[in-house]
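First the structure, in the form of C-alpha cells, and then the observations on it.
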Amino acid sequence: MTTQPETNRLAVIDTDSGFITVLVKRLEVAGWQHRVLSTPVPPEELVAMKLNAVVLDMAVLGTDGWDYLERICGMLPELGVVVCTGQSTVAQRVRGLRLGADDWVSKPCHPEEVIARLEAVVRRRRRSRMQSDVGPLIAGELEIRADQFQAFVGGRSLELTRREFELLHLLAGAKGSVLEREDIYQRVWGYSMAHGDRSVDVFVRKLRQKLERGSTSWRYIHTHFGIGDRFDPETAVEGDETMAGETAAPVGADGAGTVAEEPVTRATAESPAAG
C-alpha cells in the first residue's frame, strides 16, 4: 500500500496584501493548506488549527511582538516558526532566532524562498518526531528527550531553546564524530550557510555554556578549530577551572581565527521591524 504524503498546514499572520496574494498562489500550487490571519491569535487557537508551521510579520504583532514570538515558540515546540518581516537589524534577527524562531526572512523576498524555508523547517520537525520514538538518549549526566525538545540533568531541564536542542540532538546523534560547521548549518538550519554567517559558532557556545552550568563535572562539546564540533562526554579533568562561559572562543566564519559573540540581550535589542 502506498503511503499518502502528509499535508502541510500553515497560518500566515500578515496584512501585506501584495505579499499574501502571491504567497497564497504558490502555496496552493505546492499543495499547502493555509489560513491568513490579520492579527495574532492565542497559542491555544494555533494548536486547534493543527498547523505544521506559521509565517508571521513582526509589524503585525505590535508592541508585544517579542513576547508573542517567545510564547508560541515555547508552548508549541513542534510548530515551525518563520518570521517574514520588513527591514531589520542584526540585533533584531539574532533576538528572534534566540527566542525560538526557526528562520528570519526580510521583505521584499520571493515567495518561493519562503516556501522552501518552510519545507526545510517541517522536514526537521518530522525527523525529530521519528527519532523521538526510540526513547531518551543518555550521555554523561544528560538525558536528551527528543519528545520534549529538552535535555535534563537529574530530572532538571536545562531550558534549551528549540534551536539549541536541535543542535545538541544532531551532535549527540553523531556518536563522537566531528561534524563540519557547514554540515551542521545545513542540517539544523535547513539550507546552505552564507559566507560570514556565525550562527553555528554562537549557538555552539551558548549550548556549551548551558551544558556545563547544568553538569559541572562533565565536558560535552569539543571544538576542532577550522573544522567543526564533536559531542563526546568526558569527565572534567581534576584541577580544570574552565567554567561555562570561559571556554575557548569558537572559530571564526573563515575557519582561521576566533570571534566574540555579539552582546545582544533582551534589554538592548531594538523594537520589532516595521512591515
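The values are calculated or read from the model by the stated rules, or taken from the named source; none is laboratory data. Everything quoted here is computed from the prediction, not taken from an experiment. Every residue, glycine as well, gets a Cβ built from its backbone with ideal geometry; the counts of neighbours run over all protein chains shown. Please note that ligands, DNA and RNA were not included when accessible areas were found on the heavy atoms of the full protein model with its side chains. Shrake-Rupley method; radii C 1.70, N 1.55, O 1.52, S 1.80 Å.
Summed over the stretch 41-60, the residues that are open to solvent by 20 Å² or more (accessible area, probe 1.4 Å), under 14 Å from ILE13 (Cα atoms) and part of a helix (DSSP H, G or I) give a count of 3.
Any chance the stretch 59-70 includes a residue that's closer than 26 Å to PHE149 by Cβ, of a type in the set (Ser, Thr, Tyr) and more than 16 Å from the chain's Cα centre (by Cα)? Checked against the condition, which is being closer than 26 Å to PHE149 by Cβ, of a type in the set (Ser, Thr, Tyr) and more than 16 Å from the chain's Cα centre (by Cα), the stretch 59-70 yields at least one hit.
Number of residues in the stretch 94-118 that are touching a Lys or Arg at 6+ places or on another chain (Cβ under 9 Å), hydrophobic (A, V, I, L, M, F, W, C), in contact (Cβ under 8 Å) with a residue 40 or more places away in the chain and farther than 15 Å from THR161 by Cβ: the value is 2. When ALA91, ALA30 are screened for being in contact (Cβ under 8 Å) with a residue 60 or more places away in the chain and over 26 Å from GLU164 (Cα atoms), only ALA30 passes. Scanning the stretch 191-225 for residues that are in contact (Cβ under 8 Å) with a residue 40 or more places away in the chain, among the acidic types (Asp, Glu) and not in a loop (DSSP other than H, G, I, E, B) returns a single hit, ASP201. The single condition among (1) surrounded by 14 or more Cβ atoms within 10 Å (Cβ to Cβ); (2) modelled with pLDDT of 90 or more that ALA146 does not meet is (2). Considering (1) surrounded by fewer than 20 Cβ atoms within 10 Å (Cβ to Cβ); (2) in contact with a Leu (Cβ under 7 Å, 6 or more places away or on another chain); (3) under 19 Å from ARG9 (Cβ atoms), the lone condition that ALA101 does not fulfil carries the number (1). Could you please let me know if GLU28 is part of a helix (DSSP H, G or I), modelled with pLDDT under 90, of a type in the set (D, E, K, R) and at negative phi? No; evaluated as a whole, the condition is false for this residue.
Residue-wise test of (1) of a type in the set (Lys, Arg); (2) at pLDDT 85 or above.
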| residue | (1), (2) |
| --- | --- |
| LEU56 | no, yes |
| ALA59 | no, yes |
| GLY74 | no, no |
| ARG123 | yes, no |
| SER132 | no, no |
| GLY140 | no, yes |
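Looking across LEU23, LEU79, one residue alone is crowded, with 20+ Cβ neighbours inside 10 Å, touching a Pro at 6+ places or on another chain (Cβ under 7 Å) and either within 19 Å of ASP103 (Cα to Cα) or modelled with pLDDT of 90 or more (or both). It is LEU23.
Being over 14 Å from ASP102 (Cα atoms) and either modelled with pLDDT of 90 or more or open to solvent by 40 Å² or more (accessible area, probe 1.4 Å) (or both) is the filter here, so list the residues in the stretch 173-195 that pass it. Break it down stepwise before answering.
Initial filter on the stretch 173-195 (over 14 Å from ASP102 (Cα atoms)): 173-184, 192-195.
Of everything in the stretch 173-195, those that are over 14 Å from ASP102 (Cα atoms) and either modelled with pLDDT of 90 or more or open to solvent by 40 Å² or more (accessible area, probe 1.4 Å) (or both) turn out to be GLY173, LYS175, SER177, VAL178, LEU179, GLU180, GLU182, ASP183, SER192, MET193, ALA194, HIS195.
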